[in-house]
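Novice: Got a structure for you, questions after.
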């Protein structure tokens, strides 16, 4: 989900004394030149480590030609400079796959990406053609992660995903949903199928997945991608004009964006969060949430209580 619509709101939160501190946190190296490593978590099915902040592309990368030094090229560079690897897209997102592929080539980052996209159509042959097109658009010979988007015709597509994974065309496979939809159908698929990843919505307001889907993913050894971490612009609208609590510095939090992301990341069953943005300062702020300390369980409760009091 695009975060573009609340640029002015987020910029307001980043003014003042916090700006300098945040800038230090956003650089790949600290003041003494020591390398800073992002937090990474293992993909349970393989043990491969994945940085906990990834990037979504819904609306934000559905754009015109950005290969010649456009704003999105700078956004993508900041993503990789701050340790990012996973970029999630879909044929549903207009030109996003092609724009990502062009920018990866133009910025020389194709070898750094963990490429993830989805199949979003009906029928076996249509799905095969769409997945082939997605790989071509993103410029990859092997797709790191292919997912069935919003469970669309999943009974048809999932066997193909398994076949292509076995053949080495996909490294990982999974299913997705968003906006809290399809949870009743989602859960039995998670229980029955050998999935590497699931993707669903989770944030400080939408916490339904805490009850069943996140614990189930942990039990089944399935990695989790989290979409809509800011609930569009709604979380920022609620905290507009409100100060961060002083104790947020205890988990290296310097903005409301980081507050929301670190709340999600503090859940042990979360593997990677994929906020979407077309703004450089938002990307830098998002990536900073993947460094430093995370809240413990008690702090998460305190964070939730503070947010709900606003």
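Values in this text are rule-based calculations from the coordinates and carry no lab data. For clarity, every value in this text was computed on a predicted model and none was experimentally measured. Here the Cβ positions follow ideal geometry from the backbone for every residue, glycine too, while neighbour counts run over all protein chains shown.
Novice: Of all beta bridges DSSP finds with both residues in the chain, what is the antiparallel percent, to the nearest 5? Display every interim value, and only then the final one.
Specialist: Working: 4 of 31 bridges.
Antiparallel bridges make up about 15 percent of those DSSP assigns within the chain.
Novice: Given the DSSP H assignment, sum -39500 (n - 2.57) over each helix run of at least 4 residues in the chain and divide by its residue total; what's the result at 222 nm in deg cm²/dmol, nearest 500? Kindly include the intermediate steps, with their values, before the conclusion.
Specialist: Working: 12 runs with 124 residues, N = 310.
Theoretical 222 nm ellipticity from helices: -12000 deg cm²/dmol.
Novice: Helix 17-26 versus the longest principal axis of the chain: what is the Cα-based angle in degrees, 0 to 90, to the nearest 10?
Specialist: 40 degrees
Novice: In addition: Quick one: length gained pulling residue 74 to residue 155 fully straight, 0.36 nm per residue minus the C-alpha distance?
Specialist: 25.2 nm
Novice: Starting with the highest mean, order 256-264, 142-150 by the number of other Cβ atoms within 10 Å, averaged over the residues of each peptide. Please report the intermediate quantities before stating the final value.
Specialist: Details: 256-264: 25.6, 142-150: 22.3.
Highest-to-lowest ranking by the protection proxy: 256-264, 142-150.
Novice: Under a plain spin-label model, where a point goes 7 Å from the Cα along Cα-to-Cβ, how far apart in nm are residue 246 and residue 207?
Specialist: Rounded to a tenth, the inter-label distance reads 2.5 nm.
Novice: For the chain, compute Rh as the Kirkwood radius over C-alpha pairs and then the Stokes-Einstein diffusion coefficient at 10 °C and 1.306 mPa s; write the answer in µm²/s, rounded to an integer. Display every interim value, and only then the final one.
Specialist: Details: Rh = 19.6 Å.
Approximately 81 µm²/s, per Stokes-Einstein.
Novice: When the convex hull of the Cα atoms of the stretch 162-266 is projected onto a plane and the area is averaged over all directions, what value comes out in nm²?
Specialist: Mean orientational projected area (the stretch 162-266, Cα hull): 8.2 nm².
Novice: What's the FRET efficiency of residue 126 with residue 179 using the Cβ-Cβ distance as r and R₀ = 25 Å, to the nearest 0.05? Working shown, then result.
Specialist: Numbers: r = 24 Å, r/R0 = 0.97.
Once the sixth-power term is evaluated, E becomes 0.55.
Novice: Additional query: Rank-order 71-80, 281-290 by packing density, defined as the average count of other C-beta atoms within 10 Å over each peptide's residues, highest first.
Specialist: Result, highest mean Cβ count within 10 Å first: 281-290, 71-80.
Novice: Relative contact order (percent) for the chain, with alpha-carbon contacts under 8 angstrom and 6 or more residues of separation?
Specialist: 24 percent
Novice: Give the separation of the Cα centroids, the stretch 228-284 to the stretch 130-205, in Å.
Specialist: 26 Å
Novice: For a footprinting-style exposure proxy, rank 39, 222 by other Cβ within 10 Å, fewest first.
Specialist: 39, 222
Novice: Then there's this: Taking Rh as the Kirkwood radius, which is the inverse of the mean 1/r over Cα pairs, what is the Rg/Rh value for the stretch 83-139?
Specialist: With Rg and the Kirkwood Rh in hand, the quotient comes to 1.00.
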